[in-house]
Amino acid sequence: MVWIRKPWVALTLMSLLGIISALQLPRLNVKAYFKAQVFKESRYVIAEREISKTFYLRDVAIVAVPYRTRDEVNDVARELRDLSGVSMVINPFEFPLTMVNNTSLAQRLRLVGQYEGRDYALLVTFISKSPEDTSRSIYRMMKARDGLVFGISYIGAMAIDYVRMILIYLTPVALTIMFVIFHLTLKSFWTALLAFLPSILATIYLLALYAAIGKPISMENVLMPFITLIMGSSAALHYVNRYLTLKDPSRYERSYKAFKETFSALFMTVLTTVVGFLSLGLTSSPVMREIGLSGAAGMTAAGVATFVFLPPIVTLIEDRRTPDMIERRSLTKRRTKLLVFLSLFTFFCFFIGRVQADFHSLLFFRSNSKVMKGARVVEAIAGIKVPVFLKVDMNEDVQSQEGLEALKKVRDRLKDHCERIFSILDLYELFPQPLRNLISMLLPEGILFDRKSNSVLVIAFPKRVDSSTYRQIEETVSSLACGPIRSIELSGEDFKYMEMNRFVIQNLRTSLMFALLVIALMMGLTLKNFKLGLLSCLPIAATLLSLYGAMGLLKVPLNAISACIMNIVLGAGIDYAIHFCCAYLKHGSLERAYLFTRRPIIANALGVALGFSVLFFSPMKVHAHIAALIFIGMVLASSYTLLWLTSILPNRAHNARDARDLSSSTNLW
């Protein structure tokens with residue numbers, strides 16, 4: 001009570017902490033893409049390191065050059081070779097791929113062709129170091145020539161721009177949407193602003209923490225400030241709404257009473273949301289652990305800011321609001337509401353069998369993005385997509401007849417699953433037998449083969465970019481290690497995504513069950529009634545199953561990102577049942593519980609749903625999936641909670657003790 005009577009001290013302290021934190025923000029760095037999809041011990045990561053060490057290769061970028069004359073392409077090839085980080089460029093208009101003005105060989109190799117009426121030449125560019133920086137340099141060079149680039153490191157380079165766009169443009173739009181909804185709910189500009197302050201502060205604190213420990217903003221945590229800003233405002237909204245509806249003449253008494261009445265519910269909502277995020281730490285993916293820890297830190301900061309600063313500062317507001325009146329009809333027709341609940345649940349469950357697990361690099365981007373436009377041009381001309389890298393270790397000399405026959409066997413076996421397979425064998429086949437020694441003169445040692453280790457680099461381009469094709473390639477490769485082939489190591493960005501997806505999906509059930517059990521236990525302890533605690537968890541359990549069905553309905557693949565949303569919806573969606581049940585036990589009346597919680601529950605659900613809907617404007621397809629799943633999850637969680645609890649709880653009790661007695665009676669069943 002003493003702290004509540006010092007609003008200006010609280011406001012000053014809050015402002016100082018905000019300013020100190022904001023001063024750290026210029027130190028924030030923006031990095032690209034997932035840097036740790038899987039652990040360093042992953043066989044794909046080990047193979048990637050071996051390939052980089054042996055062949056001086058970090059990535060292959062395909063540069064699509066529009067041209068009218070061959071000299072234009074040759075000029076671009078020379079400029080590419082001058083870039084730091086580029087080790088080799090294969091130009092279809094240079095020896096040995098073409099003789100004089102004859103381009104038939106280049107056409108046969110599908111390195112030249114037309115797309116939408118324009119002639120393009122594809123320059124195969126080998127990147128040996130700093131792949132994202134090198135790809136960005138290539139993009140800048142080609143932008144002036146209206147050229148296009150495609151490659152994994154190019155995707156990462158472009159992701160930096162998308163990260164900045166989310167932080168600079170989409171976050172303020174989401175903030176505006178949330179504020180409008182809060183203003184309509186609380187019917188006061190200043191109270192709506194106060195209700196938003198804790199989440200704004202928590203977002204600044206989280207970003208300041210990143211800056212202080214040198215952690216960059218990347219694709220794996222870019223949404224954490226966004227999530228903290230939107231979801232961290234839930235507790236403040238419920239507290240301020242209760243403060244405005246109390247009738248005590250003293251602002252300090254109203255703030256104290258509102259804090260006392262809502263503390264248990266607010267503490268539980270913060271705690272369950274934190275548990276939902278922390279449950280991601282049960283997965284084997286470093287990315288999911290990063291998301292879980294960052295989300296838990298952001299929500300904890302929002303909760304602390306709400307409990308410490310909001311009670312005294314809200315006393316600066318004189319506004320009051322008369323509680324909404326509700327028609328008794330809204331609490332009748334229990335069977336109808338129960339039927340609506342079951343109908344919605346059954347509808348979404350019907351699509352559960354249609355959910356497909358898939359995760360690869362091209363799932364991230366929309367078809368109209370720069371990345372996908374480059375991918376379409378390259379695919380139309382050369383028929384290739386995301387590359388896969390193989391390090392083939394030989395028992396024979398790589399340039400011997402036995403070594404070349406072994407490479408031919410690898411190529412033939414991969415043809416069923418790959419559109420193109422490129423290795424030193426392709427260059428050998430360009431020359432007659434007597435001239436094949438020229439290959440050693442044309443290629444520096446270690447570019448495509450290494451005589452010291454008898455190793456050959458093979459670059460394969462799968463026919464389809466999906467988990468099924470990658471598994472088939474992996475099975476085929478594992479059967480080739482015999483005879484002249486000592487071993488084959490397989491790597492590629494999408495293999496790391498596939499492994500991460502496998503780990504996350506395997507642990508999804510465990511993490512969700514763990515979070516549900518912990519939340520149910522906390523609900524039972526908080527409500528002092530385990531039957532009511534279990535019953536209050538049923539709406540969120542139904543929401544998770546319905547959300548899984550919605551993925552099948554919308555054809556959203558099950559992957560590490562969509563699995564992460566399940567945990568987030570669990571932690572945030574249980575809040576509605578917590579507030580309703582706490583109000584029911586506090587007032588001993590279903591009508592009063594509905595009266596005090598309906599507006600903030602609906603407002604918060606719509607605020608979070610619409611706040612995340614701005615991600616539909618992101619150039620990344622995965623963000624559109626996140627927006628759709630969060631929207632459906634929040635709407636269903638609030639709807640299921642109100643429909644279920646108002647249809648199974650008794651209408652009225654004379655006091656809170658009677659309410660507890662009634663809630664444990666057979667009337668609930």
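Nothing in this text is a laboratory measurement; each read-out follows from the coordinates by a stated rule. Keep in mind the model is a prediction, meaning the values are calculated, not measured. In this analysis, Cβ positions are derived from the backbone assuming ideal geometry, glycine residues included, and neighbour counts consider all displayed protein chains.
Structure notes:
- Per-pair calculated FRET efficiency, R0 = 51 Å: residue 169 and residue 591 via Cβ, rounded to 0.05: 0.70
- Cross-link pairs exceeding 27 Å in C-alpha to C-alpha distance, out of 247/586; 260/531; 409/555, comprise 409/555.
- Using the alpha-carbon positions of the stretch 57-157, Rg (one decimal) and Dmax (whole number) come out as 12.9, 38 Å.
- In this simple spin-label model, placing a label point 7 Å from the Cα along the Cα-to-Cβ direction at both residue 13 and residue 471 gives a separation of 5.6 nm.
- Long-range amide H partners of residue 218 with built H, under 5 Å: 31
- Length gained when the stretch residue 376-residue 78 is fully extended (0.36 nm per residue, less Cα-Cα span): 104.8 nm
- Acute angle (nearest 10 degrees) that the helix 7-22 long axis makes with the longest principal axis of the chain, alpha-carbon atoms: 0
- When each of 129/391; 408/463; 6/257; 187/333 is checked by Cα-Cα distance, pairs over 21 Å: 187/333
- Residues residue 367 and residue 176, FRET efficiency given R0 of 30 Å [Cβ-Cβ distance, rounded to 0.05]: 0.60
- Packing around the peptides 550-562, 70-82, taken as the average count of other Cβ atoms within 10 Å per residue, puts them in this order, highest first: 550-562, 70-82.
- Average Cα contact separation per residue, the chain, under 8 Å, 6 or more apart, as relative contact order %: 18
- Identified option (computed Rg and Dmax of the Cα atoms in Å; candidates (1) 25.0, 73; (2) 29.9, 102; (3) 26.5, 86): (2)
- Cα-based shape type of the stretch 473-522, given that a ≥ b ≥ c are square roots of the gyration tensor eigenvalues and the cut on a/c is 1.5: prolate
- From helices alone, the chain scores -20000 deg cm²/dmol at 222 nm; the rule is -39500 (n - 2.57) for each run of n ≥ 4 DSSP H residues, then divide by the residue total.
- Paramagnetic reach from residue 617 (point 7 Å along Cα→Cβ, amide N under 20 Å) across the stretch 214-255: 222-231
- Taking a point 7 Å from the Cα of residue 293 along the Cα-to-Cβ direction, the residues of the stretch 490-509 with backbone N closer than 19 Å to it are 500, 504.
- Secondary structure note: in the chain, about 95% of the DSSP beta bridges are antiparallel.
- Built amide H within the under 5 Å cut-off of residue 115, gap 5+: 120
- Three-way shape label, the stretch 196-287, alpha-carbon gyration tensor, a/c 1.5: prolate
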